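Notes to accompany the following structure.
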Amino acid sequence: MTHPDSWRSPLLDLPGAVSANGVDAGVAAHYGSFNTEQRTLEAHEGFVDLSHRDVLRIEGPDRLTWLHDLTTQDFTDLAPRTWTWALVLSPQGHVEHAFCGYDDGEAFVAHTEPGAGAPLVQFLERMKFMTRVEVTDVTAELAVCWRPTSTEGDRPAGSSYELVPRDRLTAYAEAAAPACGLWAFEALRIARGEPRLGVDTDHRTIPNEVGWIGSAVHLEKGCYRGQETVARVHTLGRPPRRLTMLHLDGSENRLPTAGAEVTHDGKAVGFVGSSARHHELGPIALALLKRNVPVDAQLEVDGLPATQEVVVDPEVGLHVRPRLS
């Protein structure tokens, strides 16, 4: 799903801008050199236009306790203007929604994947019951940007994301320049081993498989939908699959297709998600594999040889034991 033409970023009119494709259409893939742009971001300079992401606002006096009950995150002690990630799980513990946001004292404002905002709003509307909350899609009002460091004294703590009035995006770009494209942002994200919902995950993904325990899942909070699966895998077992970073053979000038099969000794063992060309590591990708695939196994994805760099330990969970009273 892509945004309407009216949501096309005005920053695509900057010199050298080349539009991204697919779900990321509407923002720039790069502005002439994604390698240079990666180095700019690693030098803690510049910004990335993520204005194609969906944004929602949750208002009302019950908003934080309501979000606490619905999601994997602890919202009861959330400090003002502190960014946090949260997930909505199915009863079986599969990840259905993921969003990142902060509370400004009047509302909790969050962003999610392009096209994922409307389904998330619909889910939250069904969960309101008698709760004093109001949920609104505000993508037409607010745009998401990302900066590697903060120079703003009033910027929400704990994240490099910023929410900018959409009609002020050009002025923001002038102040935060240079602009860096989505390809640079994605290459650095993949290198950090951070998955993207719907790209590096599928409908069966549980948080334990992709490293979301701790960052998006609070293990000490009360009950929420899907908690039993998360707790059981964390304390007693090992996740059925694990996220890994692939170092791809760079002899062919191409990247694997998202969703392509990953094989080991000719047998399917998982799928590849996002991929990019890193300015130091070369072609890299994230893949979700069966847990029992040896971490040193040579793999093949979309006809490309690949080696692994562990993101989620296949033994994760074994180090934790339940406390017996």
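Coordinate-derived values only; no laboratory data. Owing to the predicted nature of the structure, the values given are computational and were not obtained by experimental measurement. Backbone-built Cβ (ideal geometry, glycine too); neighbour counts: all protein chains shown.
A few points about this structure:
- With the simple model of a label 7 Å out from the Cα in the direction of the Cβ, residue 141 to residue 36 spans 3.8 nm.
- In order through region 56-69: 3J(HN,Hα) via Karplus (6.51 cos²θ - 1.76 cosθ + 1.60), integer Hz, x for Gly, Pro: 9, 10, 10, 10, x, x, 9, 4, 6, 5, 5, 5, 4, 6
- Taking trypsin sites (Lys or Arg not before Pro) as exposed when their DSSP state is a loop state and no more than 13 other Cβ atoms lie within 10 Å, the longest site-free interval of the chain runs over 1-131.
- Computed from the Kirkwood radius of its Cα pairs, the Stokes-Einstein diffusion coefficient for region 156-276 at 20 °C and 1.002 mPa s stands at 122 µm²/s.
- Residue-by-residue Karplus 3J(HN,Hα) for region 196-209, coefficients 6.51, -1.76, 1.60, Hz, glycine and proline x: 10, 4, x, 10, 9, 10, 9, 5, 9, 5, 10, x, 4, 6
- Counting only lysines at least 8 places from residue 128 when in the same chain, those with an alpha carbon closer than 27 Å to its own are 221.
- Straight-line cross-link reach from residue 290 at under 25 Å between alpha-carbon atoms covers these lysines, not counting any fewer than eight positions away in the same chain: 267.
- Close amide H contacts of residue 273 (hydrogens built in the peptide plane, cut-off under 5 Å, sequence separation of 5 or more or a different chain): 259, 286, 287, 288.
- Taking all Cα-Cα distances within region 31-74, those exceeding 12 Å account for 74%.
- Eigen-decomposition of the gyration tensor built on the alpha-carbon atoms of region 2-59 gives equivalent ellipsoid semi-axes of 22, 16, 9 angstrom, largest listed first.
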